[in-house]
Amino acid sequence: MADKETPASSADKLNSKQKEAVEATEGPVLVIAGAGAGKTKVITERIKYLIAKGARPEKILAVTFTNKAAGEMRTRIEPIRAISNLQFPISKPFIGTFHALGLLIIRENLEKIGVRKNFTILDEDDSLKLIKECLLELKIDPKEFDPSRIKNKISRLKNQLISVGEFVENPPDGEAGSFFERQLGKVWLLYEEKTKKQNLLDFDDLLLRPTRLLMRDADLSKKYQERWRYIHIDEYQDTNEVQYVLSKLLAGGHRNILVVGDVDQAIYSWRGADFRNILNFQKDYPETKIITLEENYRSTDIILEAANAVIVRNKMRLPKNLWTKRQGSRQIRVIFAENGKREAELVASEISSMQKDKIPSGEIAILYRTNAQSRALEEVFLASNIPYKIIGGVRFYERREIKDLVAYLRLIQNPADEISYKRIANVPPRKKKKINFDELIESLRAESAGTKPHEFLKKIIHKIGYREYVNDGTEKGVERWQNIEELLGLAQQMEDVDKFLEHVSLFAIDDRYDSQTGRVNLMTMHAAKGLEFEAVFVVGLEEGLFPHILSFEPANIEEERRLCYVAMTRAKNRLYLTCASQRIIFGERASNKPSRFLAEIPEHLLVYINKPEEIEEDIYVE
């Protein structure tokens with residue numbers, strides 16, 4: 001049996017810069033952590049170090065962007081039980097997403113926030129349905145005013161800490177008076193009226209409501225500052241305005257805040273992230289200690305030299321140069337193809353060779369700039385019998401059968417929830433002689449008290465005949481029932497229905513990578529952030545596609561270059577970069593030059609496959 005890990009033995013595994021970050025426990029600390037440099041390890045080891053030094057676990061806060069990252073941190077911290085004699089789970093750190101943190105503050109301050117107990121958290125699809133309902137009531141044409149655009153605009157404004165009242169009374173600069181903004185204000189006002197009446201919160205409310213509460217209530221803000229003396233924020237370059245302000249409020253008293261991030265991996269400006277937050281951290285906290293993690297544990301030196309050569313051209317960044325002890329023997333393969341189909345065929349051929357070399361398909365990833373690029377790849381993979389998995393398809397909690405059953409639970413908990421009512425009022429379809437729907441819900445509500453989520457779900461399924469409805473004997477029906485069994489298994493781990501619904505709501509936010517053995521992974525470059533693979537193909541490296549034609553402004557080109565850096569640094573040992581002379585995009589044939597990013601990589605790191613003679617001398621001239 002292996003010896004139990006102690007804080008000392010755990011710390012011995014850290015490099016000198018990681019150790020410095022772990023032991024810098026007082027005051028503001030900025031950790032600039034390159035790709036694969038072990039940032040999660042730094043945060044978890046720092047929490048263990050704090051506890052070993054005598055800090056009470058409940059005084060420690062760690063905030064991440066995904067449930068996957070939070071779960072990984074909790075798993076790594078679990079061994080502290082054996083070291084510290086502390087009574088978990090009575091005394092434990094808070095480790096979770098920004099949304100989980102916001103939800104905790106809301107639940108502890110229901111009256112001040114202005115919501116009633118047993119509120120419903122809307123997922124993205126339900127929010128969009130409510131927007132469509134508002135448009136219909138206001139007689140606004142959804143063809144002229146796209147519901148998704150309105151929803152995204154409201155979300156962006158909420159993440160800038162702007163309330164509907166402030167927007168209507170005093171629109172942000174440049175937005176006053178336009179017809180779209182006036183219509184937007186009407187829709188938003190009705191949307192907020194409906195959510196209040198039905199006791200609903202959307203995902204953005206989970207951050208906006210608690211942050212605005214702490215901004216206006218100094219005593220409450222001080223209470224939370226005292227509660228969490230040591231604060232850790234992961235992926236700080238991805239914070240938006242509301243997350244930035246919330247972090248600053250919580251650290252306002254003691255200023256013991258450690259943030260970890262990397263400007264070179266800031267790729268989410270399109271959803272409100274502001275990488276200037278990390279650039280300005282030292283201005284917010286002049287006494288900041290800056291520690292840079294540059295040793296990479298993932299990729300070979302060849303891959304890192306290429307990635308560094310690309311990203312160093314960006315001006316808006318903090319100095320950093322990744323290095324590794326992992327000496328590579330394979331140069332980066334650059335594949336040229338005549339068209340998109342031929343590109344897919346050459347990729348498939350390389351994958352077939354890898355499979356002969358016993359590289360698992362699940363360790364191979366194809367990364368593209370736009371989802372439309374997957375079509376040609378999928379067609380060739382099907383013809384070549386290469387099993388694949390699209391990452392970012394219909395997620396578990398968005399599947400019809402899961403949403404139906406969750407809607408039953410939500411309506412039973414929150415009678416005012418019209419969104420759930422409308423979803424399930426006739427699901428499964430009720431014939432004339434079946435029980436009245438309202439009476440059914442009332443009878444289930446009466447039986448819900450004290451019943452475990454697992455047993456209660458089974459009771460609902462039996463009463464409404466959902467198994468017979470969903471499992472029609474077809475392969476799809478069997479798959480749907482298997483999804484429900486998965487849901488029942490999850491419910492078995494939860495102590496009550498409230499906790500179960502909270503878990504479902506928070507996990508519905510994540511666009512998580514669901515690891516699949518035996519299948520090649522296809523996904524956008526954005527979806528690949530935080531993941532790693534033995535072999536990576538970055539496809540479609542052409543001017544106009546990547547960098548994208550809508551990103552040719554200098555600031556936008558820098559974000560595209562960061563995206564290229566992220567994509568390249570997903571690879572451990574094998575990296576392929578591909579481009580096509582012609583491809584059909586959105587039904588039109590396009591002819592583009594190879595991407596400028598290819599020209600930024602030193603020649604000695606590359607091996608060309610199928611390189612045409614006419615671009616032998618110069619790939620791209622800026």
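For the range 397-508, the normalised intensity computed at q = 0.12, 0.15, 0.18, 0.19 Å⁻¹ comes to -0.39, -0.62, -0.92, -1.03 (log10 of I(q)/I(0), Debye sum over alpha carbons, equal scatterers, no solvent).
Proximity of backbone amide H atoms, modeled 1.01 Å from N, is registered between Val520 and Tyr388, Lys389 at under 5 Å, excluding neighbours fewer than 5 places apart on the same chain.
Per residue of the chain, the DSSP helices (runs of n ≥ 4 H) give a summed -39500 (n - 2.57) that works out to -13500 deg cm²/dmol at 222 nm.
Roughly what percent of Cα-Cα pairs across the range 463-596 reach past 22 Å?
60
Across every pair of non-identical alpha carbons in the chain, the mean reciprocal distance, once inverted, gives a Kirkwood radius of 26.8 Å.
Given a 1.4 Å probe and the protein chains as shown, Lys48 ends up with an accessible area of around 10 Å².
The figure for Trp481 is an accessible area of roughly 30 square angstrom, using a 1.4 Å probe on the protein chains alone.
Of all DSSP beta bridges confined to the chain, the antiparallel ones make up roughly 10%. Largest to smallest in accessible area, the residues Glu169, Glu543, Glu350, Glu486 fall in the order Glu169, Glu486, Glu350, Glu543 (1.4 Å probe, all protein chains included).
Checking the cross-link pairs Lys59/Lys452; Lys389/Lys463; Lys283/Lys529; Lys17/Lys572; Lys68/Lys403 against a 24 Å limit on the alpha carbon distance flags Lys59/Lys452; Lys389/Lys463; Lys283/Lys529 as lying beyond it. For the range 33-72, what does the alpha-carbon gyration tensor say about shape, rounded, prolate or oblate, given a ≥ b ≥ c as the root eigenvalues, a/c under 1.5 as rounded, and a/b over b/c as prolate? Since a/c reaches 1.5 but b/c is at least a/b, the shape of the range 33-72 is classed as oblate. Relative contact order of the chain: 18 percent, from C-alpha pairs under 8 Å at least 6 residues apart in sequence.
Applying a DSSP loop filter and a limit of 16 other Cβ atoms within 10 Å to the trypsin sites (Lys or Arg not before Pro) in the range 283-374 leaves Arg313, Lys315, Lys325, Arg330, Lys358.
The residues of the range 292-365 present an accessible area of 47 Å² per residue when probed at 1.4 Å with all protein chains retained.
Oblate is the label for the range 120-198. Its Cα gyration tensor axes, ordered a ≥ b ≥ c, give a/c of at least 1.5 and b/c at or above a/b. In order along the range 156-170, the phi-based Karplus estimate (6.51 cos²θ - 1.76 cosθ + 1.60, θ = phi - 60°) of 3J(HN,Hα) comes to 4, 5, 4, 6, 9, 6, 9, 8, 5, x, 5, 5, 5, 6, 8 Hz; Gly and Pro are listed as x. Close amide H partners of Gln582, meaning residues 5 or more places away or on another chain with modelled amide H under 5 Å apart, are Asn339, Gly340. With Cα atoms as the point set, the range 336-484 shows a radius of gyration and Dmax of 22.6, 66 Å.
Could you rank Arg480, Arg271 by how accessible they are, 1.4 Å probe, largest area first?
Arg271, Arg480
The figure for Tyr268 is an accessible area of roughly 30 square angstrom, using a 1.4 Å probe on the protein chains alone.
Shown in residue order for the range 46-59 are the 3J(HN,Hα) couplings computed by the Karplus curve 6.51 cos²θ - 1.76 cosθ + 1.60 at θ = phi - 60°: 5, 5, 4, 5, 4, 5, 4, 7, x, 5, 6, x, 5, 8 Hz (x for Gly and Pro).
Distant-in-sequence amide contacts of Leu293, defined by a placed amide H-H separation under 5 Å and a gap of 5 or more residues or a different chain, comprise Ile32, Ala33, Gly34.
Straight-line cross-link partners of Lys341 among the aspartates and glutamates, defined as a Cα under 14 Å from its Cα and at least 8 positions apart when in the same chain: Glu378, Glu379.
Taking all Cα pairs closer than 8 Å and separated by 6 or more residues, the relative contact order of the range 397-508 comes to 34 percent. Here the Karplus relation 6.51 cos²θ - 1.76 cosθ + 1.60, evaluated at θ = phi - 60°, turns the backbone of the range 239-254 into coupling constants of 6, 9, 4, 5, 5, 4, 5, 4, 4, 5, 5, 5, 9, x, x, 7 Hz, with x for every Gly and Pro.
The values are calculated or read from the model by the stated rules, or taken from the named source; none is laboratory data. Not measured: the values here are computed from a predicted model. A quick note on method: Cβ atoms are made from the backbone with ideal geometry, for glycine too, and the neighbour counts reach across all protein chains shown. Ligands, DNA and RNA are excluded from the accessible area calculation, which covers all protein heavy atoms including side chains. Shrake-Rupley method; radii C 1.70, N 1.55, O 1.52, S 1.80 Å.
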